[in-house]
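All remarks here apply to the structure that follows.
The values are calculated or read from the model by the stated rules, or taken from the named source; none is laboratory data. All values reported here derive from a predicted model rather than from experimental measurement. No Cβ is skipped: glycine too gets one built from the backbone with ideal geometry, and neighbour counts run over all protein chains shown.
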Amino acid sequence: MRTTTLIAVAVALLSASLLAQEKKPVPKDSVRVFIPGCTKGYVFTAGPRTADQPGSVDIADGTHLRMSGPKKIMAAIKAHEGSMIEITGLMKKGQYGPAGIGIGGGVRIAPGPPPSSGSLPPTSSGQIFIDVEGWRQVAGNCPSR
């Protein structure tokens, strides 16, 4: 009887710790991504993929993403500015792919900006955003400017 109780308590504790380690669910309109690159302030610049660190989406090298996230994570990323890192986060589906239709030879046809009446300033609708959940340092160097 005593052994059964100990085993039941041990199983309950182990299952509780496993549940606590689960990541938050991904919304239907988003996708969890892993992208290697470099940071400067709140801007993340996607870096080259390697065979051992391929990333999870096809974002072109040099693409800039605007990061947002918890202050603790953003402070840790800022402390490693200038080092190659890989960020993990959520992005809206469709915002990271190339715009338009590819017709071959690296040529794409995409819609132009909407007409403006001159009363409103242009928006930054082309900006790509990522909600950072975590990061890790990876091998490689960031280009210095």
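For the reader, a short list of remarks on this structure follows.
- Residue in region 113-123 that is within 30 Å of residue 24 (Cβ to Cβ) and modelled with pLDDT under 80 present: yes
- Qualifying residue in region 97-111 (condition: part of a strand (DSSP E or B), under 19 Å from residue 46 (Cβ atoms) and either in contact with a Pro (Cβ under 8 Å, 6 or more places away or on another chain) or at pLDDT 70 or above (or both)): yes
- Total residues in region 47-82, condition among the small types (Gly, Ala, Ser) and modelled with pLDDT of 90 or more: 5
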